[in-house]
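Single-structure report; data block below.
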Amino acid sequence: MGERIKEKLEILADAAKYDVSCSSSGSNRKNKEKGLGNTGAGICHTYTEDGRCVSLLKILLTNHCIYDCAYCVSRKSNDIKRAAFTVQEVVDLTINFYRRNYIEGLFLSSGIFKNADYTMERLVLIAKKLRQEHNFNGYIHLKTIPAASPELIHEAGLYADRLSINLEIPTDSGLKLLAPEKNREDMIQPMTYLKDQLIKTKEEKKIFKSTPHFAPAGQSTQLIIGATGETDKQIITAANYFYRKFNMKRVYYSGYVPISYDSRLPAIGTEVPTARENRLYQSDWLMRFYGFQANEIVNDTHPLLDLDIDPKLSWALRNMDRFPIDINKDDYQLILRVPGIGVGSAQKIIAARRFGPLNLDHLKKIGVAINRAKYFIVCKGFMQIYADKRSDIIKSYILHSSKSKYLVTGNQQLQLF
Amino acid sequence: MQHVDLYYDGSWAGLLTTIFEIFEFKIVPLSLRSTGERQQGMFQTEREVFTQQDKADRVMHGLIAKVGKKGYAELWHTYLSELPEAALLVVRVATYYFHEEKNVRLNFAQDHILQMKKIVKSVSRERHRMKAFTRFQLLADGLYVALIEPDFNVLPLVQQHFQDRYADQRWLIFDVKRRYGLLYDGQSTSEVTMDHTATMAHATLIDLHDAQEELYADLWKRYFKSVNIKERRNMKLHLQHVPRRYWRYLHEKSFGMEI
Ligand code: SF4
């Protein structure tokens, strides 16, 4: 059996890799009754050669599919090797990888064979076996199959830590073009069901501590970037909508990797838009942790993100009238708005200034990127001398002083702030 | 006030005793090293501290009262870094804590605090790496064994994590560099050491492997290769996350090299 399982794993891991989510955090499942595993540590056990975190065993149950979505490698019309795991094979792989500390758990998705419910049933069965037969308390992320019945989705929530349905194409017109057999409503329906269940469980838990877990790490989704010529404004507006409307824990952005000669899609050989993808993640962070509104980042006047500078700096340069910020007096929320000051540094500033006023030297030691922040702040012994400069001049100063970090070249991934 | 070069036995209790005696005898330490590093003969300006558990305990309680369990843990983690400057830094920060009226643990504008926070951060990163990069191999007798070689002495800091996670399997994590390990027998964890003649290497473990061990190690390697997206290859980022010095213990990299 050794050789066949090796081949299956190669095929079904390869087909699953375009789903960029690999998070194993957000759940806090304890190891109960001396069983196996727990969650909450959110560990990356290794990184791929493209620098992505490997935390979970991310595989498809099968890459057979009755649909023909143009952007997907598993689409029916694609001439590739097909394979399918048995339920037991997935269980064995998960347990054995987990016991060797290779992974935090399982991320299971699947092509759709026969119909949505038939597929979903098998995904649920695997999660159930892991939890009940192996007392496995590690992380389980199940993909929800669009149009699967509410009963199955409910059962999935009882065993999984996270459930996700990928929107993939950010705009309705794009979806019509690339996946005409699919309809948005089939994706929205389970999302709505999950949202309601998650809220309900939270309420019940307040009253009855024994209320069973229901997908404690919530739900997430993924958007493919650069497949259909959408603007950043469209993407960020869509993400914002799903965060608010469906309480999404995360929206993932996946730069489209050309896998098809289909003329509706970017040609094979087109570069993966990793720089743009990175700017979108930065924008996402600004919305989730920095108190930014979507329309502060992109709007009708600025529908596209700058690729040469990060969105926070971009916003600051468009809003010079909001500066300078006083490091020793202003609120945390305002300090967070300063380019070059991240969440960690902002917290340290608030903690340290209680012991005395801070100067530039202190800020540097705390970890503030002075070469960016200095245009936007005042602090002890430092007056704002750039405030009357034009923002394009400040931008050129900053780009000049930190070339290597800002200029986007090819595939280079950028840091968050 | 006497200015002296101090020596202690290198243990954590010894370091806490040192802090006690600095107050007791009004000492200003010029340097602080472990006794093993001492030259022959005793100079006028040198002084050796002998570990006393009761003094160590009093310092521990005093620190916890002053800066809380978290503040105390930071000092311990700094000590575990084994950096040459760590011991003296622990003493200086502790002295600063005791001298100040307020809890000054978060005064990031103070140089020693800042220096300590940096070390604490590095130690914490190494601890995190060991949670991530520790790889067990299953032996035929059912024991899961992992060899590690962390930059800092972080094994004590990952014990709880592995105990909680692998509660139903027997395991041993062995620090090859420091020649000691933690053995969990299904009930409790104990420290094991190894004498100088014995070797602990992958080569010796291979003969003891469970029949399925090679299969799963191989499957993991294949999995690692298959999830890579070659169009996105970015080795710089890869190396930043998985520095080369850890590769020898990772199956998916060059696992199995002689050590
Ligand atoms: S339904 Fe899913 S697996 Fe099937 S072709 Fe569409 S995206 Fe791919």
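DSSP beta bridges fully contained in chain B are about 45 percent antiparallel. Out of every Cα-Cα pair in chain B, what percent are more than 24 Å apart? Considering chain B, 58 percent of its Cα-Cα pairs are separated by more than 24 Å. Size descriptors for segment A:3-224: radius of gyration and Dmax over Cα atoms are 17.0, 54 Å.
With pairing defined as another cysteine C-beta under 4.7 Å, the cysteines of the protein assembly as shown that fail it are A:C22, A:C65, A:C379. Annotation: lysines with alpha-carbon distance below 29 angstrom to B:K66 (same-chain offsets under eight excluded): A:K329, A:K348, A:K364, A:K365, B:K26, B:K55, B:K102, B:K117, B:K118, B:K121.
An oblate overall shape is assigned to segment B:117-259, the ratio a/c of its alpha-carbon gyration tensor axes (a ≥ b ≥ c) being 1.5 or greater and a/b not exceeding b/c. The antiparallel fraction among DSSP beta bridges confined to segment B:129-254 stands at about 70%. The angle between the Cα long axis of helix B:12-24 and the main principal axis of chain B comes to about 10°, on a 0 to 90 degree scale. Among B:S31, B:S81, B:S124, the largest mean-square fluctuation in a Gaussian network model of chain B (Cα springs under 10 Å) belongs to B:S31.
Charge tally for B:H161 (other residues, Cβ to Cβ under 14 Å; Lys, Arg +1; Asp, Glu -1): +2.
The A:I66 and A:E204 beta-carbon pair, evaluated with R₀ = 35 Å, returns a calculated FRET efficiency of approximately 0.40.
Principal axis extents of the C-alpha atoms in segment B:2-126 (largest first, rounded to whole Å): 41, 31, 26. Would you mind classifying the protein assembly as shown by shape? Square roots of the alpha carbon gyration tensor eigenvalues, ordered a ≥ b ≥ c; an a/c under 1.5 is rounded, otherwise it is prolate if a/b is larger than b/c and oblate if not. Oblate shape, in that a/c is at least 1.5 and b/c is the bigger or equal ratio. If both residues of a DSSP beta bridge must be in chain A, then about 15% of such bridges are antiparallel. Of all lysines in the structure, the ones whose alpha carbon falls short of 16 Å from that of B:K225, not counting any fewer than 8 places away in one chain, are A:K6, A:K8, A:K17, A:K58, B:K253. Put simply, the amide H of A:Y252, placed in the peptide plane, has neighbours under 5 Å in A:T221, A:Q222, A:L223, leaving out anything fewer than 5 places away on its chain. Using the average count of surrounding beta-carbon atoms within 10 Å as a protection proxy, the listed peptides A:142-148, A:351-357 rank, highest first, as A:142-148, A:351-357.
Enumerate the lysines that A:K312 could reach by cross-link, defined here as Cα to Cα under 16 Å, with residues fewer than 8 away along the same chain left out. Counting by Cα, and skipping residues close in sequence, A:K312 has these lysines nearby: A:K233, A:K374, A:K395, A:K405.
What is the average number of partner chain Cβ atoms found within 10 Å of a Cβ in A:135-143?
Mean number of neighbouring Cβ atoms from other chains: 1.
Coordinate-derived values only; no laboratory data. Everything numeric in this text was worked out from a predicted model, so none of it was measured. Positions of Cβ are backbone-derived with ideal geometry, glycine not excepted, and every protein chain shown enters the neighbour counts.
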